[in-house]
Every structure is written in structure tokens, then in C-alpha cells.
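**Student:** One structure coming up, written as C-alpha cells, with questions to follow.
Nothing in this text is a laboratory measurement; each read-out follows from the coordinates by a stated rule. Remember, predicted model here, so these are calculated numbers, not experimental data. Positions of Cβ are generated from backbone atoms using ideal geometry, with glycine treated the same way; all protein chains shown enter the neighbour counts.
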Amino acid sequence: MQGHRPLALSDYLWALPALILVVGVIHAGIAANAFYSLFDWSGVGSPTDFVGGANYSKLLQDPVFWQSLRNTLVFAVATVAIQLTFGLALAILVRTKVHLRGLLRTLVFVPVVLAPAVVATSYRILLTPDGGFNHLLQSLGLNGFDQAWLADPKTAFGTIILINVWQYTGYSFLIYDAAIGQIDRGLFDAARIDGATTWQLNTTVVAPMLRGSHLVLIVLGFISSLKMFDLVFLTTGGGPGTTTQVLTGYIYKQVIAQFHAGYGAALSIVLVLIALVFSILQVRLSTSESQ
Amino acid sequence: MFQFQRLPGRILSQLLVLVALVVLVVPLVLIVKESLAGEGISNYGIVLSSTPFLRFFANSLIVSVSTVVLVMFLGLSASYGFAVLRPRGSPVGAVVILTGLALPAIALVVPLYYVVQAIGLLDTYWSVIIPLTVISIPFGVLVSSNYIRGLPAELYEAGRLDGANSWQFFWQILVPICRPILSVVAIFTFLAAWNEYLLPLLFIQSTDLQVLTQVPTYFQSERAVDTPKIFAANILISVPVVVIFIVLQKTFRTGISAGAVK
């Protein structure tokens, strides 16, 4: 496909609709954010109250911003670490001769296709102090363990992380399951003949061969953590106080609930910059994988 | 693969599988149980008859199908330009599109809200379809162009020799060959669109246009928190995607692992 062809203007037309939409919404949107972030603006009417970099210096001193950023990061690290571990463990388990592995394969993925809005509203009600989950614990005689799961600042964020783990471990499982299916079985037999234990087999043969899957899941896990909005918004709304607030939720709160569109635009720029890093990582990863 | 476990290992594996199943199933069972509280099975009937549930369902379908069709076409046609025709500047064009890959829609909420209001799109399907499509295009372009680059080059030469112009080549040769990757794009985009919560929350106000993900909150506002109805609604919302998943399980599995790695 390297041959020189006469330059045809029509060759440009194929990418044009996608380019116009992406530039018109994403790039123009980011530029508009940068512009609006220089104003003290409610989002209604035209922005007139120019404040320069004031929104950004306010942001640096805003403890809720830092808390949201920290929560987003903690959420990403915790969900990625737990979901990868559980997903890999289950993917290895379904390769043993256990019963019910077919059921597990199907069932583990069911939560993945559910809407986060459905999962979040369901858990919010199940996890109230008087909700279904605590009733279950009591009926099992585990009275001491009932909690105001989402209402107590000590447990709220951890609970949100675990809800995400429940919903999305199936995704990691599926990626690992597909990758393990690709590993040459001869390797296992060879390692077995050399006398490797199951643990050694997993740590020295399986885990390293899944390097590509680990990387993909880490990058995608961080990206979805960055995008996560529904789960926090519909369980705690960022509370109690601001203990479970994340960047997306904080932007929503500033822009939509409090009419701080200028400040919200400055917050959005921070989110754009972080997202950009992960866009680059995902592109690099996917082009190196496919070569 | 690990078939030659010894007895203690097998018992341990079985035990872990059972624990995993219990953890997965218990919340689902609790959701079903709550949906049957109070008026029992008629909770479902009430949700279907006393709310515009079917209207919401149709709206979700309209928004999701439009978005999927747009993203499949726009993603593949851009990839055709970038990976096959490659006019000067193609790499720049690709970079411009791919920068949006990880961008959360909420990062654009300020300009979107302003523009949607200004051009009168508030409370239309387009106010949800356009941002959803745009946010999904980078993924469509990434996986489609990677897929096209992996195809044998002779294919294009053959098309050229046959004298097909680019329009014919695209529809008659590229689209059929790209069916596997188009189904990947379709699965990801459909799930994202069907499950989208934020954009309809922001831009759709009239009940006639509302989508399914807004139903649980509909029950909280309309009739002071009617818990069993919320759960019944949540199950009704979820049944279509779960059924589609179970029926098309194989396509889903290969599609999702291909979409992640490609």
C-alpha cells in the first residue's frame, strides 16, 4: 500500500464526519472550558466577570477538590488491584475440574452488563441500616456486623469500592479467561513434569504470560475509574459530608447544583489533563498489542 | 489445564468457587426478594401499567440504536480514511480523534449544557445521541483501524485491480470483512448507551423522552420512595441486557476480549 497515488480530495471525505464531530464537541468543548475557567460565571447568560487564573488558585486551595482527586485515585488503585486479583483467581479456578464452573463463567459476567444506575440504586436501598443486607446478616446470627454501610464515613467509600468490585470483577475474569485459553498447554505439562507445584505453575508460568492482559486491565480500570459517576452519585451523592466525593461528582455538584460553571470548567480542565494521559497510554498499549 | 490437582487442592478450589457463587448471587437474590415485597408479583404489573415504562424502553432503544449505528459507520469510515486511503495528514487526524479516548463526558458538561440550550437541543433525543456518539467515536476508530491494519495488504490491491472505486470498496469489501470488529464496536457502544445515566439526566426533562436508567429515580420523586417498585423496575430494566448477554454469550466473550486487547 506504499505506492504513490494521485492525491484525491475525496480521500479526505471518509474521515471528515468523525473529525468534525470530535473537533466540534470534544476539542471545541475543551477550548470552551479553558475560556470559561477564566470567568466567575454561573453558566447562565454570557460570561462577563473575568477573573484570570483565580479559579485555578482557588482550586489548589480547595480541600474538597483534593479530597475528590484523592478518592478518584484511591478508587482506581483499589478497584484495579482487587478486580485483577479476583478476576485472575477465578479464571484459574474455572480451569480446574471443579463443579459449577459453567455457572460461574456465566454468572460472574451478569453484573457487568447491568446499568451502574441500577446497581447503585439497588445497593443504596439494600445497604441502609434497616435494609435487606443487614437483615440477612442478622438472620445468619452475625448481629455484630450490621452497619450503616453507606451512611458511616468510616465504611462508605470502602463499600462503594466493593460494590464496584462485585459488578466488574467479571470483566477482568473474562479478559484473563480468554488469555489463559491462548496459552500453549504443552507449557503446563512441561512444568508439571519438571515437578512444579500449582502455586509455582501460576506464579512462574501463568501470571507472567498474562502481562498484556494485566496492562490492558490496569489502563482500562483507571479510565473507567476516572469516568465513574453514577455509582457515587446514586449511592451517597458524595457524602456523608464530602467523604466519598470523586472528581466527576464534584464537577457535577459545582456546575449543575451550585451554578459555579466557571469554577466547574477549571475542575474539568484538570479532569481533561488526567484523561489525556490515559488516552495516550491506551493508544500505545493497543498499537503495541496488535503488532 | 489444572486437572491433576490433588484432593486437598480440589476441595479448596471447589470451596472457593462456591464462595464466589454465593457472593455473586446473594445481592441478586436480595434484589428479586425486595421486588416481591408488599404487593408481590403485581409490583411488576404496576410498574408497567402505572408508569410510561414502555415509552422509556422505546426511548432507550431509539437512543442506543442510533448511537450504535452512528459510531459503527463514523468509526469505520474514518478508519478507512486513516488506515487504507491514507491521504497526507492522516496520522494527525487520527491523533486528533484518539485524544478523546479516555475523556469522561462530564468533563464537557459546562460547554455542552450551554450549547445544547443555545441551539435548542434541550429535551431532544439528539442532546443525548450526539455527545454519546462523539464520546464513543475514538474507541470505534482505535479498534477498527487496528483491525484494518492487521488485514493482508493484498486485499486492497485486489480491490484496486477490480477497478472498484472507494465507495464500492468500502461497502462491498471492507464492511463484510470488518464484521467481527463492527460487532465489537456495537457491543461496547450499545452497553454504554443503554446504561448511560448522566446525559439523559442533564438534557432530557419531559417524561415522554426519558430513558430507562431514569426510572429508579422516577419512583423516588413521583411517589415518595416506593422501594419494591424500584426493585421491580430495576429488574425489568435489566432483563433485556441480561437475556441478550446470555443468548449471545459467545459473541460477547470474544467481542469483549478482542475489544480490550486490539
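**Student:** Order these peptides, A:270-280, A:245-255, B:164-174, by their mean beta-carbon neighbour count within 10 angstrom, highest first.
**Tutor:** By packing density, highest mean first, the sequence is A:245-255, A:270-280, B:164-174.
**Student:** Specify the residue with the greatest mean-square fluctuation among B:S127, B:S50, B:S42, computed from a Gaussian network of chain B linking alpha-carbon atoms under 10 Å apart.
**Tutor:** Fluctuation is largest for B:S50.
**Student:** Can you give the Rg to Rh ratio for the stretch A:241-291, taking only C-alpha atoms and Rh from Kirkwood?
**Tutor:** 1.21
**Student:** Computed FRET efficiency, Cβ-Cβ of B:S42 and B:Q205, R0 30 Å: what is it to the nearest 0.05?
**Tutor:** Computed FRET efficiency for B:S42 and B:Q205: 0.50.
**Student:** Let me ask something else about it. Restricting to Cα pairs below 8 Å that are 6+ residues apart, what does the relative contact order work out to for chain A? Please round to a whole percent.
**Tutor:** Relative CO of chain A lands at 31 percent.
**Student:** By a straight-distance test (C-alpha under 20 Å), which lysines pair with A:K227 as possible cross-link partners, with residues fewer than eight away in the same chain excluded?
**Tutor:** A:K253
**Student:** Hey, how many Å between the Cα centroid of the stretch A:76-136 and the Cα centroid of the stretch B:123-179?
**Tutor:** About 35 Å separates the Cα centre of the stretch A:76-136 from the one of the stretch B:123-179.
**Student:** Give the aspartates and glutamates whose C-alpha is closer than 17 Å to that of B:K229, dropping any in the same chain fewer than 8 places away, or say none.
**Tutor:** The qualifying aspartates and glutamates are B:E34, B:E39.
**Student:** Shifting gears a bit: Compute, for chain B, the length of the dipole vector about the Cα centre, with Cβ point charges of +1 (Lys, Arg) and -1 (Asp, Glu) only. Units Debye, rounded to 20.
**Tutor:** 820 debye
**Student:** State the volume of the convex hull built on the alpha-carbon positions of the stretch A:1-115, expressed per residue in Å³ and rounded to an integer.
**Tutor:** Here the figure is 292 Å³ per residue.
**Student:** With θ set to phi - 60° and the Karplus curve 6.51 cos²θ - 1.76 cosθ + 1.60, what are the ³J(HN,Hα) couplings of the stretch B:170-177 in order, to the nearest whole Hz, using x for Gly and Pro?
**Tutor:** With coefficients 6.51, -1.76 and 1.60, one gets 4, 7, 8, 10, 5, 4, x, 5 Hz.
**Student:** Say R0 is 41 Å: what FRET efficiency, to the nearest 0.05, do A:A8 and A:T243 get from their beta-carbon distance?
**Tutor:** About 0.10, to the nearest 0.05.
**Student:** May I pose another question? Can you list residues from other chains, or at least 5 along the same chain, whose modelled amide H is less than 5 Å from the amide H of A:F39?
**Tutor:** Answer set, sorted by chain and number: A:V51.
**Student:** If you filter the stretch B:6-113 for trypsin sites (Lys or Arg not before Pro), then keep DSSP loop positions with at most 10 other Cβ within 10 Å, what is left?
**Tutor:** B:R6, B:R88
**Student:** Write down the Å³ per residue value for the convex hull defined by the alpha carbon atoms of the protein assembly as shown.
**Tutor:** Here the figure is 172 Å³ per residue.
**Student:** Just from its helices, what would the mean residue ellipticity at 222 nm be for chain B, if runs of 4 or more DSSP H residues each count -39500 (n - 2.57) and the sum is divided by every residue, rounded to the nearest 500 deg cm²/dmol?
**Tutor:** The helix contribution divided over chain B gives -22500 deg cm²/dmol.
**Student:** A further question on this structure: Taking only DSSP H segments of four or more residues, each worth -39500 (n - 2.57), what value at 222 nm results for chain A once the sum is divided by all its residues, to the nearest 500 deg cm²/dmol?
**Tutor:** Roughly -19500 deg cm²/dmol at 222 nm, from the helical runs in chain A.
**Student:** Remind me, what semi-axes does the stretch B:97-256 give for its equivalent ellipsoid, largest first in whole Å, using sqrt of 5 times each Cα gyration tensor eigenvalue?
**Tutor:** Over the Cα atoms of the stretch B:97-256, the ellipsoid semi-axes are 38, 22, 13 Å.
**Student:** OK, next. Filter the chymotrypsin sites (Phe, Trp or Tyr not before Pro) in the stretch B:1-80 down to the DSSP loop ones having no more than 16 other Cβ atoms within 10 Å, then list what survives.
**Tutor:** B:F4
**Student:** For B:T217 paired with A:D40, estimate the spin-label separation in nm (one decimal), with each label point 7 Å from Cα along the Cα-to-Cβ line.
**Tutor:** Distance between label points: 3.0 nm.
**Student:** Can you tell me the relative contact order of the stretch A:30-117? Whole percent, Cα pairs under 8 Å, sequence separation 6 or more.
**Tutor:** With pairs under 8 Å counted, the relative contact order is 12 percent.
**Student:** How large is ³J(HN,Hα), in whole Hz, for each residue of the stretch B:81-91 in order, when computed from phi with the Karplus curve 6.51 cos²θ - 1.76 cosθ + 1.60 and θ = phi - 60°, using x for Gly and Pro?
**Tutor:** My calculation for the stretch B:81-91 gives x, 6, 9, 10, 6, 6, x, 3, x, 4, x Hz in order.
**Student:** Further question on the same structure: Between B:I119 and B:L54, what is the label-point separation in nm under the 7 Å Cα-to-beta-carbon projection?
**Tutor:** Calculated label separation equals 3.5 nm.
**Student:** Taking only Cα atoms and a 10 Å spring cutoff, compute GNM fluctuations for chain A and point out the largest among A:L234, A:L19, A:L142.
**Tutor:** Ranking A:L234, A:L19, A:L142 by mean-square fluctuation puts A:L19 first.
**Student:** From the phi of every residue in the stretch A:22-38, what ³J(HN,Hα) in whole Hz does the Karplus formula 6.51 cos²θ - 1.76 cosθ + 1.60 yield, where θ is phi - 60° and glycine or proline is x?
**Tutor:** For the stretch A:22-38, the Karplus curve yields 5, 5, x, 9, 6, 5, 5, x, 5, 4, 5, 4, 4, 5, 4, 5, 8 Hz.
**Student:** In vacuo Debye scattering of the stretch A:62-289, one point per C-alpha: log10 I(q)/I(0) at q = 0.14, 0.17 Å⁻¹?
**Tutor:** -0.99, -1.24
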